[in-house]
Every structure is written in structure tokens, then in C-alpha cells.
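Single-structure report; data block below.
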Amino acid sequence: MADDLLRVRDLSTRFFTEDGQVNAVESVDFDVRDGEVFGIVGESGSGKSVTALSVIDLVESPGRITSGEVWYRNADLADEVRDDTPEAVDGEFVDVRRVPENVRRALRGPSFSTIFQDPMSSLNPSLTVGEQIAEAVEVQRRARSNPRTTRSRTQGFGLTDLLASTVFPSRSYVSEESRAEAIDLLEQVGIPDPAERADEYPHEFSGGMLQRAMIAQALAGEPDLLIADEPTTALDVTIQAQILDLLRDLQEDTGMSIVMITHNLGVIARMCDRVGVMYAGEIVERGTLEDVFDDPVHPYTRGLLGSIPDMDDPAPRLQPIEGNVPNLYADEMEDRCYFADRCPKAMEECLDHPPEFDVETGEPSGGRTETGEHGARCVLAQHEYDPSRALPEDYFRSEDDTESERESQTEEVSADD
Ligand code: SF4
């Protein structure tokens with residue numbers, strides 16, 4: 001089994017809005033191993049993207065990471081910060097949340113890089129594509145030329161550059177070497193005629209080419225971990241497949257790890273080695289692809305899998321998950337399993353408090369997996385479903401619903417009369 005590159009522990013992120021506190025990410029734990037693709041899947045609003053932003057420290061106000069640790073394995077970084085922040089170091093691992101802000105910022109590029117779902121809004125429309133990739137290359141190139149890398153990376157465009165660009169506005173920030181490397185990167189991600197296309201502006205690129213350009217930019221720092229946040233959502237199906245193949249090829253060539261964030265189980269099945277399923281800000285099930293797809297424990301995971309067509313057996317109707325994702329305002333979240341009001345297997349014990357994440361041991365879902373890591377935030381991870389303890393079907397129906405139902409029944413009777 002490969003070593004862990006990243007260990008995320010008990011990570012929570014809140015948004016402090018005028019309407020109240022939103023618990024967007026709640027005590028999330030997961031590991032990412034060397035050279036693997038770890039998938040995070042869930043509906044819109046489940047906390048997937050905020051989890052990714054929290055890992056790379058890009059949560060903006062009014063959001064704030066309120067607790068948790070992000071341990072990143074990097075022996076050089078551990079040596080560099082050990083004296084000043086010994087509490088942030090454990091062997092070769094560094095808790096990047098406990099190192100100074102400039103060090104954290106310096107990790108973006110060579111350690112963690114990101115590609116977002118909408119490349120058109122992520123690239124600057126007033127600069128050529130090549131110029132934007134060359135800028136990313138330039139920052140990393142300057143950093144590599146200085147042994148105190150964290151310092152130089154945070155100062156990629158320093159006071160001298162600022163003054164020079166004011167006095168000589170036509171002076172380019174990037175060197176010819178960086179331009180050449182940008183063209184190489186465009187070629188690496190499959191852009192035809194990269195030298196010519198590098199001089200074009202984003203609006204001259206198709207959606208698929210823009211996403212390739214974004215990937216090229218993300219690769220400029222040769223990152224250990226690439227976070228791909230819905231990288232194919234804005235693309236048509238054929239281009240989606242090409243981009244996913246490209247990411248897989250790049251991952252195999254470079255050995256980097258990928259965190260793939262998506263609402264699409266097909267993308268997870270095609271790309272990922274292990275997967276975490278998110279619901280209401282929590283990872284509710286986690287395991288290998290086979291664990292989660294062939295032997296799901298959490299009723300939400302089962303619901304997601306039941307709502308996609310089976311090409312080998314197209315006869316049964318698709319089963320949607322009834323109800324809606326809860327809003328995540330802290331003062332409206334009840335002290336119970338957050339999925340209980342949509343869960344077909346909700347029992348009395350599900351109302352006691354939000355379940356802990358447990359390793360799967362229950363039957364008939366199967367025994368503990370070899371790595372002992374398949375688990376779920378659900379009482380069914382440890383106990384069998386007991387129909388005698390099931391909640392009544394209308395348990396979560398509010399009095400308002402019941403009242404309006406009664407009224408509509410009365411109206412129907414009157415109309416019949
Ligand atoms: S804890 Fe209970 S309500 Fe929640 S998902 Fe599991 S069975 Fe359903």
C-alpha cells in the first residue's frame with residue numbers, strides 16, 4: 001500500500017453570515033496516498049468544494065476554518081519549519097494549518113495545485129493563454145533558483161518588479177525560458193500547434209482547450225497534489241472523457257496524487273482508487289471504489305447508486321432519493337443523523353445524536369475489508385437494520401404538511417360533491 005501524502009483530520013469550516021452560522025464542513029477526515037486518485041462525491045451544497053478550499057487554505061470571508069489538521073508529507077518542509085514551529089511537525093509530516101501564512105501560501109503551486117470547473121471565468125480575458133501559463137512557470141522558476149524556497153515563492157512578484165513594471169509598462173514579467181516552458185506544458189496537455197495557440201486569448205479557445213490550458217497552468221509547479229474541482233462539468237460528454245483520460249495519463253506520468261471532486265458517480269467510477277461520499281458537510285461513507293460501489297453501507301450512498309441507470313439491466317425504474325439536502329444553518333440542524341428525514345432505514349437510535357464514523361462490520365453488507373478502512377457515519381456500519389425499531393413513515397412530516405394535506409383532501413371531497 002502506498003504511503004499517505006495527505007492526512008486530513010477533523011476539519012471543520014463555518015460561514016458566519018448575516019442570516020446565521022453555516023456549518024459547511026463538519027469534522028471531515030480522509031487520507032490521500034501517493035499517486036492515487038481520491039474522489040469526493042455528493043450533491044450540490046454537500047460541502048465538497050469547501051472541503052477542497054479548506055485543504056489549500058483558500059476559504060474566503062465570511063468563511064473560516066474553525067478546527068482541524070491538514071498533515072502533508074514533505075521531509076524538506078518538515079526540516080525547514082521544525083525549529084520555528086515544532087508543534088507543526090510529526091516525522092516527515094507537517095500540519096500546514098499550523099505553519100505561518102507565508103509558508104502556507106508558498107505551498108500553492110509546487111505542493112498543492114487546483115483546477116476549477118469553469119476555466120473561462122478562471123483565466124484572465126485580457127492576457128494571452130501562454131502569458132498566463134508562463135506567469136505560473138515564472139513564479140516557480142524564481143522559487144527554484146532560491147534555496148529559501150518558501151520566501152521566494154511568496155515574493156514571485158516583488159517590489160522591484162512592481163516598480164519596474166510601473167516605469168516600463170511594456171516590460172514583461174516572464175522570461176523567455178518561462179514562455180518556452182509554457183508552450184511545452186500546452187503541448188503536454190494536448191493543445192495542437194502550442195506555440196501559435198499560446199499567443200491567443202481565452203475567448204479564442206474552445207471549452208475543452210481552456211480546461212486543458214487550466215491543467216497546464218496547474219502543472220507549472222509540478223505539484224504533489226492536484227485538486228480537480230468538477231473539472232468536466234461545463235464540458236460536453238466527449239470532451240469530458242478526453243479531459244478525464246488526460247488527467248489519468250498525467251497522474252500516471254508524474255506520480256502526483258489527485259483529489260477529484262464531482263457530483264458525477266460515473267467520473268468517480270472511471271477515475272478514482274478510493275472515494276469519500278459527502279452529505280450535509282460530512283463524509284458519510286469512505287472506502288475503496290469497490291467497497292463503496294459494490295458494498296455500500298450508508299443509505300445515502302445506496303440512494304445515489306440507485307439513482308443511476310444500469311446499462312446491463314435497464315428495466316427497473318430509477319429510484320430518486322426523496323426530499324432535499326438540509327440547509328446547514330447551525331441553529332436549524334437537529335442533534336440527530338442529518339440524513340434521517342430522507343432515510344428509508346431510519347430507526348429510533350438514529351435520533352439520539354449524529355452517528356460517529358464507524359468501520360463497517362455489519363451484515364449482510366459484508367465483513368471488515370482487508371485495510372479495515374471501509375466505514376460510514378451510520379448506525380448500519382455496526383448494526384443490522386431492525387424493522388421493529390423503524391420510525392413511522394410520517395415521522396418527519398411537519399404539522400404544517402399534515403394540515404395542508406388535510407385541507408387539500410377536504411377540497412377534493414368538496415369538488416366531488
Ligand atoms: S444513521 Fe440511521 S438515519 Fe442515518 S443514514 Fe444510517 S440508518 Fe439512516
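Values quoted throughout were computed directly from the atomic coordinates according to the rules given, and no laboratory measurement underlies them. Only a predicted model underlies this, so the values are computations on that prediction, with no experimental measurement involved. Neighbour counts run over all protein chains shown; Cβ positions are idealised from the backbone, glycine included.
Derived scalar couplings between HN and Hα for segment 322-339 equal 5, x, 10, 5, x, 6, 9, 5, 4, 7, 10, 7, 7, 7, 7, 4, 5, 9 Hz in order, rounded to whole Hz, by the Karplus curve 6.51 cos²θ - 1.76 cosθ + 1.60 (θ = phi - 60°), x for Gly and Pro.
All other residues whose Cβ lies under 11 angstrom from that of Asp19 are scored, Lys and Arg at +1 and Asp and Glu at -1, for a net of -3. Between Glu60 and His203, the simple label model (points 7 Å from Cα in the Cβ direction) yields a spacing of 2.3 nm.
In a fully extended conformation the segment linking Asp84 and Ser44 would gain 10.4 nm over its present Cα-Cα distance, using 0.36 nm per residue. Scalar couplings 3J(HN,Hα) for segment 44-59, obtained by applying the Karplus form with A = 6.51, B = -1.76, C = 1.60 to θ = phi - 60°, are 4, x, 7, x, 4, 5, 5, 4, 5, 4, 5, 4, 9, 6, 10, 6 Hz; x denotes Gly and Pro. Amide H contacts under 5 Å for Thr66: Ser12, Thr13, Arg14, restricted to partners 5 or more places along the chain or on a different chain, H placed in the peptide plane at 1.01 Å from N. Label sites at Glu356 and Asp118, each approximated as a point 7 angstrom past Cα along Cα to Cβ, lie 4.2 nm apart. Here segment 4-272 carries DSSP beta bridges of which approximately 60% are antiparallel, counting only pairs with both residues inside. Across segment 4-272, C-alpha contacts under 8 Å between residues 6 or more apart give a mean separation that, scaled by the residue count, equals a relative contact order of 24 percent.
Here the extension length gained between Asn324 and Ser175 equals 48.4 nm, from 0.36 nm per residue of separation less the Cα-Cα distance. Averaged over residues, the count of other Cβ atoms within 10 Å places the peptides 205-217, 33-45 in the sequence 205-217, 33-45, highest first. Modelled label positions at Ser67 and Glu393, each set 7 Å beyond Cα in the direction of Cβ, lie 4.0 nm from each other.
What net charge do the residues around Val237 carry, taking every other residue with its C-beta under 15 Å from that of Val237, with Lys and Arg at +1 and Asp and Glu at -1? Intermediate results must be reported in sequence, preceding the final value.
Working: positive: Arg270; negative: Glu230, Asp236, Asp245.
My count for the surroundings of Val237 gives -2.
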